Every structure is written in structure tokens, then in C-alpha cells.
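Quick notes on the structure that follows.
What follows draws every value from the coordinates through simple rules; no lab data is involved. Not measured: the values here are computed from a predicted model. Every residue, glycine as well, gets a Cβ built from its backbone with ideal geometry; the counts of neighbours run over all protein chains shown.
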Amino acid sequence: MSGPLLLQLLRRGRAAQRPTGALSGVRSIIDTSYSAHFMDFGRSSIPSVMRKLVVNKLSPDFREAVTAQTVAVPTPGDAELLVRNRFVGVNASDINYSAGRYDPSAKPPFDAGFEGIGEVVGLGLSASSRYTVGDAVAYFGSGAFAEYTVVPAKESVPVPAVRPELLTLLVSGATAYIALKRLGDLAEGETVLVTAAAGGTGQFAVQFAKRAGCHVIGTCSSDEKAGFLKSIGCDRPINYAAEDLAETLRREYPRGVDVVYESVGGSVLQVAVNSLANRGRLIVIGFISGYQTASGIPAFRGATLPAKLLQRSASIRGFFLPHFVGDYREALGSMMQMLAAGKLVCEVDRGDLSQEGRFVGLESVFRAVDYMYAGKNLGKVVVELLPPPVGNKL
């Protein structure tokens, strides 16, 4: 069959197979020219409409900025996948995104959400060389807070199954892995302080620092979280609700800490700076304590900062994951291997202990954001958007 004839058949909405022989084993091509021909791997038709979250107003108040809308299910282009989202991850930065802080030129409306995992239910012709309907994929990109999302095939990550634990690696795990590797300069025997250590990214920073042979301190807000931190290798959990963080660090670590993995900002950042050892490195991966304010930046008394850094030959380094895309594939591959070998804990919080129960359905993303900002989560906050298709074994 000639190439032009094949394309004509596809445009008529008929599925086609590539020729056998030298190309045997190549996956079938699924025509997604028309929504009527979208088929999931359970052979049930894709609906014509879906729900998604859209930023309609720039505001650090997520509920004020974002609304749920019913829209047509999108059609993937030639090199794209249509993913049926099963789980999506909630990040502290979702508020920065809805406030327009990442891209000041962005004007509403635009889609919300950074990361998702689900099944391929439709794809373009070029994308079919690598994927087929029914494949499990994860992705890191905008527009994840939707029942279906179109994702470039080259930016998708094939995964063995649609498990929420794998979702923890896309942003939270990758941030900790790359930041500590590229900016932490960890050496065996050093002391590492991880703030918000029982959260989505903190849990990974604890584990990676411990794998590097470091003594790890982790801050948290409850005895339950302190117990979890001990279970993943944290040498000294500090429950700041029961202990004074600054006093504890001065008393137990008089020479200071070598590396700080910091995501809280404000007064916690102040304590971290004052606790640096000679040649200490402080990595700023966020400052969640200020995200819900108008400026997004918590107050910080930095007038003496240059003198403190100079006196200790210390440094403060900022880390923003999109600036390190060249490290992303290696980081994700390495973490997947650790997880498969049982050497990495990926704690997921699906809201089971929240007042209204587990986070299920698109509307529960709002609850999940509130839950995280209330500091109630233990691990990565994940929302289940859609149940698995009938007969799905993933």
C-alpha cells in the first residue's frame, strides 16, 4: 500500500496496519482524525466532552483564580498523545502558576496543573511509532488538571503501570535528585538539613542525602511525621511544633550544617542561614510560607546576609527545575531503577485522613491544595481523577 493511499484511508477514519515483512512488529496506527474514532484500550468510546480546571483570574488564592469548566475533548496532533488522566499531582507551585508568577506575560484563561499519569487513549500518526493505545504514560507539563490532556509524545514518559507512586517522581523526586546532585556537592559524613522533610519533595531529599552517606536532619510538624522520617533514614527529625528549631540546631550541631535543602522561606530560611557551617551550601527550592501572599515572597531579614556568607565562605543557590531539563531523563531513569529495586520510598497522601475523605474527582483538587497548604500532608499529595476503565489490569 502506498503512503498517500494509507493517509487517505486514515483520513476517512479507518484504522490501518503498517505492511508486514521488514516492518513486522510495528504497532498499529490509531486514527484520531475525528472524536468518533477515539477508542480507549477497553474499546469504549471516548466522551465528546470533559472537565478541566482553568485559571481565569490571576490570584494566589487558588479557589479564586481557578474554575472547573466543561469543554470538548481535545484531538491530538501528529506527534501527540491523548492521555486519560488517572492521577494528578498537587504542588505548592500550583499557586504560583495561578498567580501568574512563572510567566508574567501569560494572560488568563490558561490551563492549570503540572503533572499527570494515565493511559494513552488516542494518538497521532508519528506518535504511533513509539506508543499505542493502552500504554501507561506519565508527563510533566501544563494542563494536567483535566480528565484528558494532549501531551507531546517526546515529552511523555512510558511507565510500567498507572501507579500514583510513580507520579511522585516527576516533579518532587526530580527536584530533590537534581538539586542535591548539581548544587549540593554532597560528601560522605556531611550534615544535611531538609526543611518540610515529610512533604512531597522533602521525603526524597532525605533519602538521597542518606544514600550519599550524610547525617540527615529533617524538620516536620508532628510526631507522626517524625516517625515517618525515621523510617526513611532521617537521623534527627525535629518536630518544630514541640521543639525550638533554632535552639535545637545550636545545641546539637554547634559546628553548623553543611547543606540545607530549603523550601519554606521566611523565619525558617533565617534559621537555616544562621546554622550554616564553614563552606556550607544552602539550596533554595521554594518558599511556600509566602506563596499565598500578594507578593509571593515571605519577609526575610537579609541585611547581614553578605557578612554571614563571607565569614563562613558559605553560599546560597537557587534551584528551578525547568532550568535543568538536560538532567531530567537521567534523574527519572535512576529513580525508577531505585523504586523497582525497593530502594526508594515514594510516600503518597491521597487525603484518606482529611475531613471529607480521599481526593477523588476533579473538584477535589481544590480540597487537596487547601490540605497541602494547611501542612496536613505526609508525602506527595495526589488526586485520583478518573477510575480505571472496565477490565483495566494496570
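List of remarks:
- Distance from the alpha carbon centroid of the range 357-377 to that of the range 83-105 works out to 14 angstrom.
- Near the amide H of GLY122, within less than 5 Å, lie the amide hydrogens of LEU82, all on another chain or at least 5 residues away, with H placed in the peptide plane.
- Computed per residue of the chain from DSSP H runs no shorter than four, each worth -39500 (n - 2.57), the mean residue ellipticity at 222 nm is -6500 deg cm²/dmol.
- Once you reduce the range 275-293 and the range 183-219 to the center of their Cα atoms, the two points are 14 Å from each other.
- Total charge dipole magnitude, the range 171-323, about the Cα centre, Cβ charges on Lys, Arg, Asp, Glu only, Debye to nearest 20: 420 debye
- Projection of the Cα convex hull of the range 171-323, averaged over all directions and equal to a quarter of that hull's surface, yields 8.7 nm².
- A Förster radius of 41 Å combined with the Cβ-Cβ distance from ALA307 to GLU155 puts the calculated FRET efficiency at roughly 0.40.
- For LYS225, a cut-off of 13 angstrom between C-alpha atoms picks up these aspartates and glutamates, skipping any fewer than 8 places away in its own chain: GLU347, ASP349.
- Cα-based convex hull volume of the chain per residue, rounded to whole Å³: 157 Å³
- Across the range 64-77, computed HN-Hα scalar couplings (Karplus, 6.51 cos²θ - 1.76 cosθ + 1.60, θ = phi - 60°) run 6, 7, 10, 10, 8, 10, 9, 9, 5, 5, x, 9, x, x Hz from first to last residue, x flagging Gly and Pro.
- Given LYS57/LYS107; LYS181/LYS230; LYS154/LYS343; LYS210/LYS308; LYS230/LYS380; LYS210/LYS343, the pairs whose alpha carbons are separated by over 20 Å: LYS181/LYS230; LYS154/LYS343; LYS210/LYS308
- Relative to the current alpha-carbon distance between ALA187 and LYS107, full extension at 0.36 nm per residue lengthens the span by 24.3 nm.
- Each 10 Å bin, from zero up to the one with the longest distance, holds this percent of the alpha carbon pairs of the range 290-394: 11, 21, 33, 24, 8, 2, 0.
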